[in-house]
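Heads up, the thing below is written out as structure tokens.
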Amino acid sequence: QVQLVESGGGLVQPGGSLRLSCTASGMIYTINSMAWHRQGPGNVRELVAEIVNSGSTNYADSVKGRFTIARDNAKNTVYLQMNDLQPEDTAVYYCNIRSQRTRWEISRDYWGQGTQVTVSS
């Protein structure tokens with residue numbers, strides 16, 4: 001199996017910064033993409049940022065210019081640097097990877113348990 005462990009959430013004032021980390025372990029042959037999603041109160045889960053093997057990134061319009069996603073392939077870790085946080089960024093943030101357990105298997109999605117980010121004065 002594959003396990004994802006997230007860290008870095010917490011309470012921050014508007015305009016502040018946080019960095020989330022997520023490390024994958026277990027049966028991993030290759031990780032094709034790594035992403036962060038979030039789900040705020042009363043909202044559906046939405047993609048925040050994604051990074052693929054080539055290094056290309058994709059961001060939700062609401063976070064462009066404020067959030068940066070990065071990955072360390074050697075550590076199977078993805079980061080989300082969040083700057084200029086605003087109350088509307090309050091949500092549970094979920095790490096997601098799409099990976100293969102062996103070279104012969106299709107890619108599957110795996111999810112972390114979620115980490116709370118609260119932006120409030």
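With the simple model of a label 7 Å out from the Cα in the direction of the Cβ, ARG103 to LYS75 spans 2.8 nm.
With the simple model of a label 7 Å out from the Cα in the direction of the Cβ, ASN43 to MET27 spans 3.6 nm. Express the carbon and sulfur contribution to the solvent-accessible surface of region 1-113 as a percent, rounded to the nearest whole number, probe 1.4 angstrom. Using a 1.4 Å probe with all protein chains present, region 1-113 comes out at 47 percent carbon and sulfur.
Cα centroids of region 12-27 and region 50-104: 9 Å apart.
The values are calculated or read from the model by the stated rules, or taken from the named source; none is laboratory data. Note that the structure is a prediction, hence the values are computed from the model and not measured. For neighbour counting, all protein chains shown are included, and Cβ atoms are generated from backbone atoms with ideal geometry for every residue, glycine included. The protein model used for the area step is the full one, side chains on, heavy atoms only, and it has no ligands, DNA or RNA in it. Shrake-Rupley method; radii C 1.70, N 1.55, O 1.52, S 1.80 Å.
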